[in-house]
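The values are calculated or read from the model by the stated rules, or taken from the named source; none is laboratory data. Not measured: the values here are computed from a predicted model. Here the Cβ positions follow ideal geometry from the backbone for every residue, glycine too, while neighbour counts run over all protein chains shown.
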Amino acid sequence: MAPTTSPPGDAAGLGKARAAAFVLPALVLIGVFLVFPALWTIYLGLTDYRLTGLAAADPQVVGLDNYTDALTDPRFLTSLWLTVAYVGGSAVIGQAGLGFTLAWILRGRTGPVRRAVEGVVLLSWILPSTVVGFLWFALLDRDDGTLNALLHTPGLAWLLDHPLLSIIVFNVWRGTAFSMMLYSAALENVPPSHLETARLAGAGVPQQLRDVVLPLIRRHVLTNLLLISLWTFNDFTPFVLTGGGPEGRSEILPVYVYNIALKGGELGAGAAVSFLILLINLIFALAYLRLLRGRRKSLTGPPA
Amino acid sequence: MIRHTVGRLAATVLIAVALAFFTLPMLWLASAPFDAGPAITTSVPEFTLRNFAAILDNPYALGSIRNSLIQGGGAAALVVVLAALAAYALSRVRVPGRDVLLYLLLLLSSVVTGTAAMVPIFELATRLDLIDTHLGVILVVSGGLLPAAIFILKDFMDETPTSYEESARVFGASPLQILRHIVVPLVRPGLATIAVWALASVWGGFLFQFILLRDPDKAPGSVILYTLYTEGGAPRLDLISTFSLLYSLPVVAMYLFVSHRYGFRFHGGIKR
Amino acid sequence: MITLHRLTKDFPGGVRALDTLDLTIGDGEFFTLLGPSGCGKTTLLRTVAGLETPTSGTIHINDTDVTPLPPGRRDVAMVFQDYALFPHMTVSDNIAHPLRIKKVPRAERATKAADVAHRLSLAELLHRRPAQLSGGQQQRVALARAIACHPTAFLFDEPLSNLDARLRLEARTFLKRLQRELAVTTVFVTHDQAEALALADRIAVMSHGRMIQIGTPADVFQRPATTFVAAFIGSTPMNLLPGRHTDGALHVAGATLPAPTGTPEGDLVYGVRPEYMDVLPQTRPDAFPGTVSVLENLGTSTLVTLENDGTLIQAVVPEGDEPAIGTPAWALPRRSLLYKDGHLLQAPPRKPVYTGTALL
């Protein structure tokens with residue numbers, strides 16, 4: 001078989017001009033409603049712009065003050081650490097781990113069990129965020145929560161006593177579907193003969209995963225980790241559950257930004273922190289790329 | 001053999017735990033709306049449909065679902081069409097720096113949809129006269145969803161063998177014909193998945209909608225849900241749970257329809 | 001008629017896939033491009049189709065310069081190695097797709113597709129999807145799609161290589177008959193020399209973007225122009241034995257053979273097909289000595305490998321005449337070729353000897 005899926009040298013004969021025309025509408029929309037506000041935000045980060053008061057009417061450029069303020073603010077550093085724990089725990093370990101485990105267990109299975117698991121996992125992802133907020137409120141409530149009723153632990157305030165754990169578990173519940181779907185599709189592309197060869201050689205499941213599966217789905221792992229980390233890093237939904245409290249113990253960065261920018265009215269400072277979030281995301285993305293792209297083959301030769 | 005049995009047992013236990021974990025929070029949605037005196041606890045309801053009558057009396061409830069349909073449907077359609085065109089071109093024509101650009105946009109999109117960009121976006125919408133319009137919500141949320149949509153769809157396009165397109169091309173098909181006759185049908189599961197994903201994101205979205213829409217007649221269900229409080233500020237659980245259920249149905253229905261009809265998957269590969 | 005003039009294709013990165021090719025393919029001719037993978041044969045086909053743009057040179061189809069034309073305007077039909085049948089369309093829609101592009105009305109398309117399908121014994125399958133067809137059926141659907149649009153030329157990119165061996169033989173005969181009937185100029189790419197010999201009116205053997213030899217199957221088989229072609233053509237590869245011409249005689253692998261007049265002195269390569277060798281039980285000065293080391297049953301004949309001091313010599317003997325393994329034997333060439341510096345010495349062709357073994 002010729003590698004028909006590899007380097008696509010303009011198979012449809014689009015040509016540069018038509019390709020540009022295809023990309024342009026999306027780029028214009030992204031440019032106006034994404035890049036432009038982003039640049040604006042970066043600019044705001046350099047000013048003392050406030051929601052109200054004197055600085056709202058006539059913001060002054062203050063240079064990197066907002067950045068030095070943020071980087072020396074213990075609240076920011078705590079928040080950063082919380083965010084890293086939140087992303088690591090709920091996205092990387094929770095969503096990706098559970099998603100892969102479910103995909104692995106369900107692969108090759110058909111019938112009602114698979115449909116039921118996929119159904120509930122996807123349902124928890126498809127339900128509107130606002131609705132989901134209320135659902136989890138009902139589950140975790142101190143006095144009447146379903147969880148306390150089930151565990152016979154009346155009066156246990158999950159959201160107050162274990163705020164970080166609560167939002168981590170919540171986000172695993174909320175977002176596992178994406179990873180599960182992605183890994184299911186990826187595992188379909190792993191030829192059974194490869195796994196069988198490994199099994200015949202006496203490899204256990206961990207060895208099969210390491211030696212056969214992972215190298216084949218490397219790219220999917222990269223895509224998945226990248227997307228879910230980004231989404232989790234900037235996820236505002238936990239605000240609905242804990243509002244960042246108590247005492248900032250679940251104040252992840254997006255909530256921190258909300259608290260200082262919209263609640264505290266310091267828009268400039270909030271924008272600066274947003275830009276810092278962007279940089280941290282960039283570091284995450286680069287780290288994943290480095291880790292997972294190492295053995296990319298170059299398929300640039302001419303066809304036979 | 002023992003290893004095998006233990007493995008199967010572990011898998012079964014895990015499936016049971018996962019089922020319980022994912023189902024548990026949703027039980028409230030199944031019981032509370034039908035309960036005459038709903039509390040936060042999930043319990044066997046004292047069955048009634050009165051809550052549904054009550055929510056229908058709310059002047060904004062039904063209208064808000066219509067608004068959600070307009071905004072969510074509009075954004076989903078816009079995102080699917082624009083992302084498909086862009087992903088196709090990016091997948092098929094080699095542009096220097098393409099991947100870097102995509103990753104950058106992806107990074108930007110996740111940050112900008114956050115809270116800090118609220119003010120610039122509000123200012124922008126004001127200047128473009130988009131405040132209090134469905135179009136404003138559609139354009140703003142689409143801008144945020146597009147990079148990820150392009151990123152995911154490009155994967156689908158990359159997995160489509162180019163010989164299909166080349167074959168059609170030798171027979172004289174134009175790029176648009178190729179797109180319509182061949183590429184779109186082949187990546188239909190991807191398009192359908194992105195449509196559901198976009199709709200679901202907009203459906204549950206709150207911040208943009210809250211900021212861009214002042215007129216409660218234009219507000220979507222996700223905003224209206226937060227108005228269902230008593231004058232004292234206590235949540236009207238009967239109304240909230242009932243409206244939550246009603247509000248969830250359209251997205252769930254759309255998901256069921258799409259996954260049944262086209263398959264629901266986030267990654268390409270063609271079923272021949 | 002397809003004419004290439006100084007056709008050159010360079011890929012980015014400096015790979016020259018096609019190197020100043022000149023070629024004329026006649027009307028109705030079945031022309032085969034043969035070569036190992038990476039030799040440029042597929043690139044040439046794709047360039048003729050318009051899927052690749054040549055770096056320089058021109059392509060004419062029936063006196064029209066098609067070099068600047070997009071693929072759809074060249075009036076050619078192409079069958080791909082993986083057939084490129086659209087999985088979401090029925091057989092009928094697949095066959096009719098080129099007509100749909102040409103804006104032929106729906107009813108006419110369906111009739112036309114049914115006609116062609118009938119001709120290719122696909123009539124029963126019109127409403128199936130490609131996934132529901134066997135490999136052979138898929139291949140015929142791809143053919144039908146190419147036929148349905150009445151092109152000036154067919155371009156085939158290894159269309160038989162995905163079929164299993166037996167089916168491939170059937171498909172080969174079918175294809176050849178079909179091409180005779182339709183009398184459409186055909187360019188056929190393959191890496192399978194037997195396929196090329198069986199199908200082609202003329203073969204071009206390619207290597208590194210050049211055409212090493214162009215000729216009829218008989219030419220290419222009997223008088224390979226270079227040792228590369230000699231080694232490539234033939235189901236059992238030709239023996240290419242290093243030798244030396246001194247004192248009016250050829251000294252090759254332990255045998256002393258008469259040198260044809262005009263043979264230059266010095267190092268040579270002596271080529272002889274296993275089919276043109278007899279295996280004798282006793283010594284002769286003009287036969288290659290050796291010990292029988294391997295016997296391979298080819299059905300009606302046996303491939304005998306003689307080993308002599310590290311040199312392997314192969315001969316085909318009729319069934320029943322096999323020597324025993326381990327015994328000494330002598331291989332006597334009946335018909336041979338001489339190569340100097342890789343190229344065939346233009347000795348006058350010898351009279352063909354009837355061998356009893358089919359050429360293939």
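Residues in the stretch A:242-274 that are surrounded by 20 or more Cβ atoms within 10 Å (Cβ to Cβ), outside any loop (DSSP other than H, G, I, E, B) and not small (G, A, S): A:T242, A:L253, A:P254, A:V255, A:Y256, A:V257, A:Y258, A:N259, A:I260, A:L267, A:V273.
Looking across the stretch C:66-85, just one residue is more than 12 Å from chain B (Cβ to nearest Cβ) and touching a Ser or Thr at 6+ places or on another chain (Cβ under 6 Å), and that is C:T67.
What number of residues in the stretch B:164-194 are assigned to a helix (DSSP H, G or I), under 16 Å from B:R92 (Cα atoms) and at the interface with chain C (Cβ under 8 Å from one of its Cβ atoms)?
If we filter the stretch B:164-194 for residues that are assigned to a helix (DSSP H, G or I), which is where we start, we get B:164-170, B:175-186, B:188-194.
Still in the running and under 16 Å from B:R92 (Cα atoms): B:164-169, B:175-180, B:182-184, B:186.
Adding the requirement that they be at the interface with chain C (Cβ under 8 Å from one of its Cβ atoms) leaves B:164, B:166-169, B:177, B:182, B:186.
Qualifying residue count, the stretch B:164-194: 8.
Checking each residue in the stretch C:75-110 for being at pLDDT below 90 and β-branched (V, I, T) picks out C:I101, C:V104.
For the stretch A:30-63, residues that are in contact with a helix residue (DSSP H, G or I) (Cβ under 6 Å, 6 or more places away or on another chain) and hydroxyl-bearing (S, T, Y) total 3.
For the residues C:H97, C:H88, the requirement of being touching a helix residue (DSSP H, G or I) at 6+ places or on another chain (Cβ under 9 Å), surrounded by fewer than 24 Cβ atoms within 10 Å (Cβ to Cβ), within 12 Å of chain B (Cβ to nearest Cβ) and not hydroxyl-bearing (S, T, Y) singles out C:H88.
Among the residues of the stretch A:126-139, how many are more than 7 Å from chain B (Cβ to nearest Cβ) and not in a helix (DSSP H, G or I)? Selection size over the stretch A:126-139: 0.
To keep it simple, each residue is scored yes or no on (1) modelled with pLDDT under 90; (2) under 26 Å from the mean Cα position of the chain (by Cα); (3) within 14 Å of another protein chain (Cβ to nearest Cβ); (4) closer than 23 Å to A:L278 by Cβ.
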residue: A:L51; (1), (2), (3), (4): yes, no, yes, yes
residue: A:A55; (1), (2), (3), (4): yes, no, yes, no
residue: A:Q60; (1), (2), (3), (4): yes, no, no, no
residue: A:L71; (1), (2), (3), (4): yes, yes, no, yes
residue: A:T78; (1), (2), (3), (4): no, yes, no, yes
residue: A:A85; (1), (2), (3), (4): no, yes, no, yes
residue: A:S90; (1), (2), (3), (4): no, yes, yes, yes
residue: A:L98; (1), (2), (3), (4): no, yes, yes, no
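Summed over the stretch C:326-339, residues that are part of a loop (DSSP other than H, G, I, E, B) and under 13 Å from C:E275 (Cβ atoms) total 3.
Can you find even one residue in the stretch C:21-41 that is within 14 Å of chain B (Cβ to nearest Cβ), in contact with a helix residue (DSSP H, G or I) (Cβ under 7 Å, 6 or more places away or on another chain) and not charged (D, E, K, R)? Within the stretch C:21-41 (the criterion being within 14 Å of chain B (Cβ to nearest Cβ), in contact with a helix residue (DSSP H, G or I) (Cβ under 7 Å, 6 or more places away or on another chain) and not charged (D, E, K, R)), the answer is no, since none of the residues qualifies.
For the stretch C:218-325, please list each of the strands (runs of 3 or more DSSP E) lying entirely inside it that holds at least 2 residues being within 23 Å of C:P36 (Cα to Cα) and within 31 Å of the chain's Cα centre (by Cα).
Values: elements: C:239-246, C:249-252, C:255-258, C:266-272, C:277-280, C:288-297, C:301-308, C:311-318.
Qualifying strands (runs of 3 or more DSSP E): C:239-246, C:266-272.
Here A:D143 meets each of (1) crowded, with 24+ Cβ neighbours inside 10 Å; (2) modelled with pLDDT under 90 with one exception, condition (1).
Within the stretch B:115-150, the residues that satisfy the criterion of being more than 7 Å from chain A (Cβ to nearest Cβ), without any contact (Cβ under 8 Å) to a residue 60 or more places away in the chain and of a type outside the set (D, E) are B:T126, B:R127, B:L128. For B:I152, the conditions (1) over 17 Å from the mean Cα position of the chain (by Cα); (2) at pLDDT below 90; (3) within 30 Å of A:F33 (Cβ to Cβ) all hold with the exception of (1). Looking across the stretch B:218-236, not a single residue is within 9 Å of another protein chain (Cβ to nearest Cβ) and more than 14 Å from A:T130 (Cα to Cα). Looking only at the stretch A:173-225, count how many residues are small (G, A, S) and outside any helix (DSSP H, G or I). Looking only at that region, the number is 4.
Residue-level check: of (1) closer than 26 Å to A:L225 by Cα; (2) within 8 Å of chain A (Cβ to nearest Cβ), B:S248 misses just (1). Take the stretch B:202-251 and flag every residue that is touching a residue at least 24 places away in the same chain (Cβ under 8 Å) and outside any helix (DSSP H, G or I). Selection gives B:G205, B:L213, B:R214, B:D215, B:P216, B:D217, B:K218, B:A219, B:P220, B:L228.
Hey, can you tell me all the residues within the stretch B:83-111 that are of a type outside the set (G, A, S), at the interface with another protein chain (Cβ under 7 Å from one of its Cβ atoms) and closer than 30 Å to A:G270 by Cβ? Write out each step before concluding.
The initial filter retains those residues of the stretch B:83-111 that are of a type outside the set (G, A, S), namely B:85, B:88, B:90, B:92-96, B:98-108, B:111.
Adding the requirement that they be at the interface with another protein chain (Cβ under 7 Å from one of its Cβ atoms) leaves B:85, B:88, B:90, B:92-93, B:103, B:105-108, B:111.
Within the stretch B:83-111, B:Y103, B:L105, B:L106, B:L107, B:L108, B:V111 meet the criteria.
Within the stretch A:123-149, if we keep just the residues that are within 21 Å of the chain's Cα centre (by Cα) and in contact (Cβ under 8 Å) with a residue 40 or more places away in the chain, the residue that is farthest from A:T242 (Cα to Cα) turns out to be A:I126.
C:G266 passes every criterion in (1) touching a residue at least 40 places away in the same chain (Cβ under 8 Å); (2) surrounded by fewer than 13 Cβ atoms within 10 Å (Cβ to Cβ); (3) more than 29 Å from C:M211 (Cβ to Cβ) apart from (3).
Does B:E159 count as within 14 Å of chain C (Cβ to nearest Cβ) and crowded, with 24+ Cβ neighbours inside 10 Å?
Details: within 14 Å of chain C (Cβ to nearest Cβ): yes; crowded, with 24+ Cβ neighbours inside 10 Å: no.
Here the answer is no, as B:E159 does not meet what is asked.
Can you list residue pairs whose Cβ atoms sit under 7 Å apart, with the first residue in the stretch A:32-45 being more than 7 Å from every other protein chain (Cβ to nearest Cβ) and basic (K, R) and the second being crowded, with 24+ Cβ neighbours inside 10 Å and not in a helix (DSSP H, G or I)? Count only pairs 6 or more apart in sequence or on different chains. Taking only residues 6 or more apart or on different chains, not a single pair turns up. Those helices (runs of 4 or more DSSP H) of the stretch A:32-125 in which 2 or more residues are of a type in the set (A, V, I, L, M) and surrounded by fewer than 18 Cβ atoms within 10 Å (Cβ to Cβ) occupy A:36-44, A:54-57, A:74-86.
Residues in the stretch A:188-217 that are closer than 25 Å to B:D155 by Cβ and touching a Gly at 6+ places or on another chain (Cβ under 9 Å): A:E188, A:N189, A:P192. Taking the residues in the stretch C:100-140 that are touching a Pro at 6+ places or on another chain (Cβ under 7 Å) and surrounded by 16 or more Cβ atoms within 10 Å (Cβ to Cβ) as candidates, determine which candidate is farthest from C:A171 (Cα to Cα). Only one residue tops the list, namely C:R129.
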